[in-house]
Structures are given as structure tokens and as C-alpha cells.
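Please treat every number below as a calculation from the coordinates, not as lab data. Keep in mind the model is a prediction, meaning the values are calculated, not measured. We place every Cβ from the backbone using ideal geometry, glycine too, and count neighbours over all the protein chains shown.
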Amino acid sequence: EAIERALTEEAECSMVLHNIAACRGAMDALMAEVIDGHIRFHVLDPKRNPTDEQERAAEDLIDALRAYLK
């Protein structure tokens, strides 16, 4: 809505870009959370008692994805 409003009101380009960047950051953070949950509950499957090595690998993957999404 903020981006649409800025465009409709013909806001300065810098304001539009700022809004786009803020939305992009929020979407990246949300994507990281969803991927984190997917890995922890569907790939690792806590019901199957993952090994320490599997948990470390999952943490490494989550860390890499979070770094990429920043």
C-alpha cells in the first residue's frame, strides 16, 4: 500500500525507492522465517530424532539462507 500510495501521489523517487527497499527487507525476513520453519519441521522432522550431524547441517543451511536473504 505504501508503494502504491507513493506512486499515486507522485512522491519523490527517493521516497518510492525507500518504500520498495523497506518492503523488500520485510519480505526477505518473512521468507527466511518460512524457510527456517520448513527445514526444522519438514526436512529435519523432529519426530524422527535427527542426529547431531543433521541438526548441524540444518543450522548451516539456515544460516547460509539468512545470509543470502539479507
Q | Sparsely packed GluC sites (Glu not before Pro) within the range 1-58, loop by DSSP, other Cβ within 10 Å at most 14 | A | Glu1, Glu9, Glu10, Glu12
Q. Comparing Asp52, Asp28, Asp36, which has the greatest mean-square fluctuation in the GNM of the chain with Cα pairs linked when under 10 Å apart?
A. Asp52
**Q.** Listed residues Ala29, Ala21, Ala11, most fluctuating in the chain (Gaussian network, C-alpha, under 10 Å)
**A.** Ala11
(Q) What is the ratio of the Cα radius of gyration of the chain to 2.2 N^0.38 Å, with N the residue count, to two decimals? (A) 1.63
Q. Fully extended, how many nm does the chain gain between Ala64 and Met27 (0.36 nm per residue separation, minus their Cα-Cα distance)?
A. 11.6 nm
Q: Give a residue-ordered list of calculated ³J(HN,Hα) values for the range 24-34 (Karplus: 6.51 cos²θ - 1.76 cosθ + 1.60, θ = phi - 60°; whole Hz; x for Gly, Pro).
A: 4, x, 5, 5, 5, 5, 5, 4, 4, 5, 5
